[in-house]
Amino acid sequence: QLSIPFGDRWRSTLGLRWVDERKQGFRCFFIYQSGSRDPADPVTLAALDQLLINEHDLDGRRHVRNLLPSVNLQYDWGDAGMLYAAFNRGAKSGSFDARNNNGNTDAQGGATRFQFEDELADAWELGMKLPLADGRAELNAALFLVDYEDMQVSVYDGVAGFTVTNAGSARTSGVEVDSRWRVSRALLLSASAAYLDFVWRDYVDGPCYHEAPNEDPDTGTCDLTGRQNQQTPHWTASVSGRYLQMLPGALELSLGLDLNYRGRHFTSGDLDPRGVQPALTRINARIELAPADRRWSLALLGRNLGDELSYGIGAPTALDVGGYRVATEAVRSIAVQAGLRF
């Protein structure tokens, strides 16, 4: 990495990373009679094969090379503000799928998909950092665009298992804004908001939910090109406040309140409408008492005070054709927290 100044206000940072990676992996799957190491009977093996579960022994080797450049250009604006533009290429390492239940060699088989490739991302960003109110406040904003190739996803096999594979190309774009304001020595306010647009640019063999209208009868896959991904709400936002009150005996009373908004989004990769999470706002609060030297602390915490019921991750139910399940996130909780430093 090399930083180059251009006069008093301009500077650029150039970076280059070279990755040479070698991996080897194997997956062995054996089926025995219950309670023994004896081979399973043919009837059991035939029944499990209908569930895409069969014995197999796979191994493989990978050798990949990636060249990952980065470029950053900055301009000092005014006394303390800054404008910047940046490009970065990143990579998420490919590997071997440890979770699949079969060694089939068809297009969606466990042997065909034993390996998955590196995920590559080209990220462009344009932003600013701006101090306000004589340094007591700060406003940051960024526009971003990220192009993904061979994005890694976990896909339900339609019966009893999941496969890690590559989903073609995708693009995310949006804007992020965050700010902080020191209203007084005792009060700090923070806020942030983001808009995200995710679209699959090429995902012709995506997963299908039960009785999806666009399911290919020959492959059992769905073309998700032009659709969004799971866990990608368009809007997210948060507002928080912290108030610090000095008490007699060199004690500090800290009060905190957070509001976190998350827009409507899908919770499963097959975009099953049963797993749509409506927009919601969660409220968290914290009251803490501690001495100025922070040697000990005692706090009362409240999470999800509005007791919002929300979905985390959704997925089809294994061995239940048409079944669907979601993992719910934590409901309202109240906790007492104590800490001691020594």
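The values are calculated or read from the model by the stated rules, or taken from the named source; none is laboratory data. This is a predicted model, so every value here is computed, not measured. We place every Cβ from the backbone using ideal geometry, glycine too, and count neighbours over all the protein chains shown. What goes into the accessible areas is simple: the full protein's heavy atoms, side chains included, and nothing from ligands, DNA or RNA. Shrake-Rupley method; radii C 1.70, N 1.55, O 1.52, S 1.80 Å.
Can you find, among Ser254, Ala285, Ser190, the residue sitting farthest towards the positive end of the charge dipole of the chain, where Lys and Arg contribute +1 and Asp and Glu -1 at Cβ?
Of Ser254, Ala285, Ser190, it is Ser254.
In deg cm²/dmol, rounded to 500, what helix-only [θ] at 222 nm does the chain give when every DSSP H run of at least 4 residues adds -39500 (n - 2.57) and the total is split over its residues?
-500 deg cm²/dmol
Rounded to the nearest whole Å², what accessible area per residue is found for the range 244-342 with the 1.4 Å probe?
Using a 1.4 Å probe on heavy atoms only, each residue of the range 244-342 averages 59 Å².
So the label point goes 7 Å from the Cα of Leu187 along Cα→C-beta, right? Which residues of the range 249-283 then have their backbone N under 17 Å from it?
253-259
Rank Gly322, Gly110, Gly249 by mean-square fluctuation in a GNM of the chain with C-alpha springs under 10 angstrom and give only the top-ranked residue.
Gly249
Among Leu130, Ala237, Val153, whose Cα lies farthest out toward the positive end of the dipole of the chain, if unit charges sit on the beta carbon of Lys, Arg (+1) and Asp, Glu (-1)?
Leu130
Under 14 Å from a label point 7 Å along Cα→Cβ of Tyr32: give me every residue in the range 42-63 with its amide N that close.
Within reach of a label on Tyr32: no residues.
Given the Cα-Cα distance of Arg295 and Leu14 and 0.36 nm per residue of separation, how much length would full extension add, in nm?
Contour length minus Cα-Cα distance gives 96.8 nm.
Please find, in a Gaussian network model of the chain (springs between Cα atoms separated by less than 10 Å), the residue of Gln115, Gln33, Gln230 whose mean-square fluctuation is greatest.
Highest fluctuation of the listed residues: Gln33.
Hey, can you find the accessible area per residue of the range 1-134 for me, probe 1.4 Å, expressed in square angstrom?
66
Lone cysteines in the chain, going by a 4.7 Å Cβ-Cβ cut-off?
Cys28
For the residue pair Phe87 and Ser3, what label-to-label distance in nm results when each label sits 7 Å from Cα along the Cα-to-beta-carbon direction?
Result for the modelled spin labels: 2.2 nm.
Of all the accessible heavy-atom surface of the chain, with the other protein chains kept in place and a 1.4 Å probe, what percent is carbon and sulfur?
Carbon with sulfur: 56 percent of the solvent-accessible area.
Under a GNM of the chain (C-alpha, springs under 10 Å), which listed residue has the highest mean-square fluctuation: Gly174, Gly35, Gly60?
Gly35
Could you order peptides 296-304, 211-219 by the average number of other Cβ atoms within 10 Å of their residues, highest first?
296-304, 211-219
Quick one: putting +1 on the C-beta of Lys and Arg, -1 on the C-beta of Asp and Glu, what dipole do you get for the range 1-112 around its Cα centre, in Debye to the nearest 20?
Computed charge dipole of the range 1-112: roughly 540 debye.
Give the separation of the Cα centroids, the range 286-342 to the range 186-223, in Å.
Here the answer is 26 Å between Cα centres.
If only Cα atoms are counted, what is the Rg of the chain, and what is its Dmax, in Å?
When restricted to the Cα atoms of the chain, Rg and Dmax are 26.0, 79 Å.
Using a Förster radius of 22 Å, what is the FRET efficiency between Arg99 and Gln24 based on their Cβ-Cβ separation? Nearest 0.05, please.
With R0 = 22 Å, the Cβ-Cβ based efficiency is 0.75.
Would you mind checking which residues have amide H under 5 Å from Tyr156's amide H? H placed 1.01 Å from N; only 5 or more apart, or other chain.
Thr163
Give the separation of the Cα centroids, the range 66-130 to the range 230-261, in Å.
32
Step through the residues of the range 47-63 one at a time and calculate ³J(HN,Hα) from phi using the Karplus curve (6.51 cos²θ - 1.76 cosθ + 1.60, θ = phi - 60°), rounding each to whole Hz and writing x for Gly and Pro.
5, 5, 5, 5, 9, 6, 10, 8, 5, 6, 9, 10, 8, x, 9, 10, 9
Contour minus end-to-end for Val159 and Val43, with contour as 0.36 nm per residue of separation and end-to-end as the Cα-Cα distance?
Stretched fully, the Val159-Val43 segment lengthens by 39.9 nm.
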